[in-house]
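Notes follow the structure.
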Amino acid sequence: MRYHPKPDWHIRASGATPERLYLDRRQIVAGMGLSALASPLLASTDVTKLAPLKARRTIATSEEPTPIDAVTGYNNFYEFGLDKDDPAANAGTLKPRPWTVRVGGLVQKPVTLDVDTWISKLSLEERVYRMRCVEGWSMVIPWIGFPLAGLLKSVEPLSNAKYVRFTTLADPDQMPGTRFPALDWPYREGLRIDEAMNPLTLLAVGLYGRRLPNQNGAPLRLVVPWKYGFKSIKSIVAIDFVERQPLTSWNQSQPSEYGFYSNVNPDVDHPRWSQATERRIGEFRKRPTLPFNGYGEQVAGLYRGMDLKKFY
Ligand code: MTE
C-alpha cells in the first residue's frame, strides 16, 4: 500500500455537510480534539442524497463513531485513485444500481442476486465496528448490513470448498483507476470459510443510517473488523467458494508486506512501520493497537495453534 506523506487525518475541505447524522457538530469538534483545525477538516458528502436504510441496532460500542465526513471523505479505493480524497472526488462515475452479485464456485446451489431486490427482503442490522487500516489509522463506523454466514450457507458449499474468494467490479468506464496498473485488477480478497462464517463478518450495504456512498463500496462491501481494512473489499460482484487459498490483490502485489491473514496484530510490524499504535481519526494522541483490533474474544480461537508471525 502506498505510504502517504500527508498527515493521516488530512481530509479534503470542500464545504459543510448540510445534515448531521447522529453527531451534533459540537460533539464532532470536541471529538476532534483539535477544535481550531476541526472546521476546515469537515469535508462534504451530501449524505441527504443517499436513501435512508432501516436497521435494528444489534452491536454497539461505547466508543464515539468517527464523524461521517471523515468516514466518507478519507478513503482507500484504488479504483478511483491513490489519494485519500480521490474516492470521494471521483467515485461519482460508479453506478451501484442495478447491480448483481454472483455467488458460486464449489457450491450446490449457485445464485445470481439482484442486490436491491435481495436486500429489500433482509432484516438489516446496525453494527458499530472499529476499523484499523494497515497504514496506522483507525475509525469507528456504524455499518448497516447482515452477517455473511447466512448467504454462504444458502448456496450449500461442497465438502472440498475451503476458502471464499471475493471480487470487485473492474469496469474502466466506471472506475478510471483500473486503467492504470496500480494493482492487478479486479481487486480480489479471500477468507478461510470459518472466518467468512464468523458472526462478526458483515456484508455492509449502508453506513450512518443511509445506503453506502460510492466511495465506501456501494452497493455491497465486506467488513471484517479484526483484520486490516484492506480485507474489507468494496463493490463486490462475485463471491466464490474455492479449494485452495486464493490470491488476494495486496498479497500478490507485495507478498512480504501483506499476508493472506492480515489479522490486526500489534506484535507483527509491517516491514516499513510499526503496528503497535494507531491514530483514531479525529484524535491527536496515538493509542495502542489491540490484538485482533479488540475482537480477540470472538475470533482468537480461529487461529489457535497457528504462528501468527508466520501467518501474518
Ligand atoms: N476495496 C477495493 N475494491 N479497492 C480498494 O482499493 N481498499 C481497501 C478496502 N477495500 C480497497 C477496498 C482498504 S486499503 C481499506 S483501508 C478499506 O477498503 C477502506 O474502507 P473505507 O474507505 O470505507 O474506510
Exercise for review: Report the relative contact order of the chain, percent, no decimals, based on alpha-carbon pairs under 8 angstrom and at least 6 residues apart.
Suggested key: 20
Check your understanding: Just the Cα atoms of the chain, one point each, no solvent: what log10 I(q)/I(0) does Debye give at q = 0.14 Å⁻¹?
Key -> -1.11
Revision key, fill the gap. Counting only DSSP beta bridges fully inside the chain, the antiparallel percentage to nearest 5 is 80
Exercise for review: With a point put 7 Å past each Cα toward its Cβ, work out how far residue 192 is from residue 162 in nm, to one decimal.
Suggested key: 1.1
Review point. Given a Förster radius of 51 Å and the C-beta distance between residue 243 and residue 49 as r, what FRET efficiency does 1/(1 + (r/R0)^6) yield to the nearest 0.05?
Key: 0.75
Revision key, fill the gap. On the formula 1/(1 + (r/R0)^6), with r taken between the Cβ atoms of residue 179 and residue 89 and R0 of 22 Å, the FRET efficiency rounded to 0.05 is 0.85
Check your understanding: Rounded to whole Å and sorted largest first, what semi-axes of the equivalent ellipsoid does the C-alpha gyration tensor of segment 157-282 yield via the square root of 5 times each eigenvalue?
Key -> 21, 20, 18
Review point. Based on the alpha-carbon gyration tensor of segment 48-90 and its eigenvalue square roots a ≥ b ≥ c, which shape applies: rounded if a/c is under 1.5, prolate if not and a/b is larger than b/c, or oblate?
Key: prolate
Exercise for review: Along Cα→Cβ, 7 Å out, is where each label goes; now give me the distance between the ones at residue 122 and residue 56 in nm to one decimal.
Suggested key: 1.6
Revision key, fill the gap. Reduced to Cα centres, the span from segment 92-155 to segment 210-267 in Å works out to 12
Check your understanding: Arranged by the count of other C-beta atoms within 10 angstrom, fewest first, what order do 253, 62, 262 take?
Key -> 62, 253, 262
Point to revise | Selection from 277, 119, 226, by position along the positive dipole direction of segment 19-303 (Cβ) | key: 119
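No value in this document is a laboratory result; all are computed from the given coordinates. These numbers were taken from a predicted model, which means no experiment stands behind them. Glycine also receives a Cβ, built like all others from the backbone with ideal geometry; neighbour counts cover every protein chain displayed.
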